[in-house]
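**Q** Here it is, the structure in full.
The values are calculated or read from the model by the stated rules, or taken from the named source; none is laboratory data. Given the structure is predicted, the values throughout are model-derived calculations rather than measurements. We place every Cβ from the backbone using ideal geometry, glycine too, and count neighbours over all the protein chains shown.
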Amino acid sequence: MVEFKDVSVTYSSGVDALNKVNLKINDGDFAFIVGSSGAGKSTLIKLILKEIDATSGVVTVNGFNLSKLRRGKVPKLRRTIGVVFQDFRLIPTMTVYENIAFVLRVIDAPAKYIRSRVPYVISLVGLTDKSKAYPTELSGGEQQRVALARALVNDPKLIIADEPTGNIDPALSYEIVELLKGINECGTTILMVTHEHDIVRHFGGRIINLNKGVISFDEVVGGKAK
Amino acid sequence: MRVSSMRYLVGQGFKSIWKNRMMSFASFCIILVSLLMVGLSVLMSLNLSKIISGIEDKSEAIVQIKDGITEEQREKLTKDIITLPNVNELTFYSKEEAWKSMVEDMTQEEQDLFKYADDNPLPDTFKMTVIDITKMSETTAQISALDNVESVKSPTSFTDMLISIQRVITIISIAIILALVLVCLIIISNTTRASVFARRKEINIMKYVGATNTFIKIPFFIEGMIVGILAAGCALFLTKFAYEGVYKIFSTDFSLWAVLGMQNLYSFDSLFKAVLISYAIAGALIGAIGTSISTGKHLKV
C-alpha cells in the first residue's frame, strides 16, 4: 500500500515539485500516473523509493513510514518494491539469467532458491529459450521483459514501472502492459508512469493525473480492452 | 551473510581487478614501492640501533682523577658519579694497575727504558659505562664539573656520527612513510573510483533492489585488499633479495666492518616473520582503507 498525506516537495533550487499531494493506492491496485513532463511524476517515484525525502507530509509505503525510516533500513524497503525503467538498465556483460539472478544474489538469497526461482520468472515473461542470451542480442521488447522479470524475481508487493514502454515499438508496448496486468492479477500492486495516452485509453483502470505538482484527476476509467 | 554470497562477492572483487587492470597495476606498484622503501629504511634503522647498542656495551668513558686526593675525597667522587642518572657501571682503576697493564703492553725495549722510572706518571682513573650513549656528552660534561676530576675521555665522535645517522634515517623514514601512505591512499581511491565507474550500472541496480551498503562495498574492499596483499608478497621477496645482498657485503668484508661490530647485523631469516606479517597487514590495510575512502565518497549508497 502506498499512501501520501499532504506531501510537498520543494527542491533546493526552489522548485515546488509536489504540493500537498494526498494519494492512496491499495494493495492489488493497478494505477496509471500520467502528466506532462515537470508535473512531478518522477518526484513521486523518487519519494516512494526514498531516493529523496518529502519536505513536508507523510509517505507510507508497504508499512514503512518513510519520514521515520533510517538510511540503513532503506534496503529493507526497497526489497518490497520492484522497479522497471524506461531504459531497461540491464547489465550488458551478464546474460538474461545472470541479470535476474543478480538481484537475488545481492539480497543474499540462498543459492538453491536462486536456481529454482530464476528459470520460473523467465518462463513467466516467455523468454526461456533466451535465458543464455546477452541483452544486446535481444529486441527492445524482449529486454523490457527481462527487466520485468528482474523486478518480479524477489516477489515484491509493489512494482513501479517508470515509462516502461517509452523505448520500445508501440506494438510491443501493449505486450508489456499486458504482462503487467497479468502480474497485477496475481496480487501485486502496480504503479505505471506513462505519457502514452493511447495505452491508458486502451487498458483503462485507475488514472492519476499530475499537473504542476497537484493531482488534477484521479478516477477509474473503463478501457477498450475489457 | 551466506557462504555462496561471500564466494560471489570475492569473485566480483577478483573480476574487478582484472577489468581495471591498468589501475590495479598502478595501485600494486605504488603499494609495492611504498612497502619496500618503508621496510628497507626500518630494517636499516633497526640494524643501526643494534650496532650502536653493541658499541654502547663496549664503549667506556675514562675519568681521570686529580693526583694526591684523599681516600674520603675519592669515595665522595665515586658516590657523586654513580648517582648521575645516565651512569651504568663504574670501576676504579688505580694508577698501579694502569701502570702494570701498560707495562705489559710494552715491547721489551720500552720496558727496559721504563724500568728505572721510580715515579708512576699515570693517574688514578674510573672506567665508566653509560646507559644511554646518546647522552654521553651530557654525562661527560657533568662529570667534568665535579671536584677532583682531572679530565673525562669518551669515544664521542664516532658514536655521535652513528647517532646522527640514525636520527636522520628515522626522520627520513617517518617523512617517507607519511608521504607514501598519502600517495597510496590517493592512487587507490582513484582506482576504486574507476572501478565504481565501470560498475555504476550494477551498483545502481543493486541500490534499487535493496542491496545493503556493505554488500555493495565488499567487492571493492576485497579488490583493494587483494592488490595490497599481492604487493606485500612481492615486496617481501624483493626485500629479502636486497637485504641479503647488503648483508653479504657486510659479512664478507671483515677487515672494514668487523671492527664496527657489523657481524651483529640481523640475519633476514630472523626477521622474516616480522617482515611478512607487517607487510601483509600494511598492504591489506592500505588497500582496504584506500577503497573505503572512495566507496564512501563516490557510492553514496
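**Q** Can you name the residue in segment B:30-51 that is among the polar types (S, T, N, Q) and within 8 Å of the chain's Cα centre (by Cα) and is also surrounded by the most Cβ atoms within 10 Å (Cβ to Cβ) among such residues?
**A** Quick first cut of segment B:30-51, residues among the polar types (S, T, N, Q) only: B:34, B:41, B:45, B:47, B:49.
Keeping just the survivors that are within 8 Å of the chain's Cα centre (by Cα) gives B:41, B:45, B:47, B:49.
Working: B:41: 18, B:45: 18, B:47: 20, B:49: 16.
Filtering first and then ranking leaves B:47.
**Q** Select from segment A:57-100 the residues that are assigned to a helix (DSSP H, G or I), within 12 Å of another protein chain (Cβ to nearest Cβ) and of a type in the set (Val, Ile, Thr) and write down the one among them that is surrounded by the fewest Cβ atoms within 10 Å (Cβ to Cβ).
**A** Here is the first cut: in segment A:57-100, the residues assigned to a helix (DSSP H, G or I) are A:71-78, A:96-100.
The next check asks that each one be within 12 Å of another protein chain (Cβ to nearest Cβ); those that pass are A:71-78, A:98-100.
So of that shortlist, the ones also of a type in the set (Val, Ile, Thr) come out as A:74, A:100.
Working: A:74: 20, A:100: 29.
The residue in question is A:74.
**Q** Name the one entry in B:143, B:163, B:131, B:81 that is under 27 Å from the mean Cα position of the chain (by Cα) and in contact (Cβ under 8 Å) with a residue 60 or more places away in the chain.
**A** B:163
**Q** Exactly one condition in (1) assigned to a loop (DSSP other than H, G, I, E, B); (2) modelled with pLDDT under 80; (3) in contact with an Asp or Glu (Cβ under 8 Å, 6 or more places away or on another chain) is not met by residue B:159; state its number.
**A** Every listed condition holds for residue B:159 apart from (1).
**Q** Just checking, does segment A:50-64 include any residue being of a type in the set (S, T, N, Q), in contact with a helix residue (DSSP H, G or I) (Cβ under 9 Å, 6 or more places away or on another chain) and in contact (Cβ under 8 Å) with a residue 12 or more places away in the chain? Break it down into steps so the answer makes sense when it comes.
**A** Initially, segment A:50-64 is screened for residues of a type in the set (S, T, N, Q), giving A:55-56, A:60, A:62.
From what is left, the residues that are in contact with a helix residue (DSSP H, G or I) (Cβ under 9 Å, 6 or more places away or on another chain) are A:62.
So of that shortlist, the ones also in contact (Cβ under 8 Å) with a residue 12 or more places away in the chain come out as A:62.
For segment A:50-64, residues of a type in the set (S, T, N, Q), in contact with a helix residue (DSSP H, G or I) (Cβ under 9 Å, 6 or more places away or on another chain) and in contact (Cβ under 8 Å) with a residue 12 or more places away in the chain: present.
**Q** Here are some residues: B:24, B:41, B:4. Which one is over 30 Å from residue A:101 (Cβ atoms), part of a helix (DSSP H, G or I) and of a type in the set (Ser, Thr, Tyr)?
**A** That would be B:41, the only listed residue that is over 30 Å from residue A:101 (Cβ atoms), part of a helix (DSSP H, G or I) and of a type in the set (Ser, Thr, Tyr).
**Q** Among the residues of segment A:33-43, are any more than 14 Å from every other protein chain (Cβ to nearest Cβ), in a strand (DSSP E or B) and among the hydrophobic types (A, V, I, L, M, F, W, C)?
**A** Looking through segment A:33-43, at least one residue is more than 14 Å from every other protein chain (Cβ to nearest Cβ), in a strand (DSSP E or B) and among the hydrophobic types (A, V, I, L, M, F, W, C).
**Q** Filter segment A:178-221 down to the residues that are among the hydroxyl-bearing types (Ser, Thr, Tyr) and assigned to a loop (DSSP other than H, G, I, E, B), then identify the one that is farthest from residue A:159 (Cα to Cα).
**A** Once the filter is applied, the top-ranked residue is A:194.
**Q** Of everything in segment B:208-217, what is in contact with a helix residue (DSSP H, G or I) (Cβ under 7 Å, 6 or more places away or on another chain) and either in a helix (DSSP H, G or I) or hydrophobic (A, V, I, L, M, F, W, C) (or both)? Give them in sequence order.
**A** Once the filter is applied, which keeps residues that are in contact with a helix residue (DSSP H, G or I) (Cβ under 7 Å, 6 or more places away or on another chain) and either in a helix (DSSP H, G or I) or hydrophobic (A, V, I, L, M, F, W, C) (or both), segment B:208-217 yields B:208, B:209, B:211, B:215, B:216, B:217.
**Q** Moving on to the next point. How many residues, within segment A:141-162, are more than 12 Å from chain B (Cβ to nearest Cβ), within 11 Å of the chain's Cα centre (by Cα) and part of a helix (DSSP H, G or I)?
**A** 1
**Q** Taking the residues in segment B:1-13 that are more than 12 Å from residue A:108 (Cβ to Cβ) and touching a helix residue (DSSP H, G or I) at 6+ places or on another chain (Cβ under 7 Å) as candidates, determine which candidate is nearest to the other protein chains (Cβ to nearest Cβ).
**A** Filtering first and then ranking leaves B:12.
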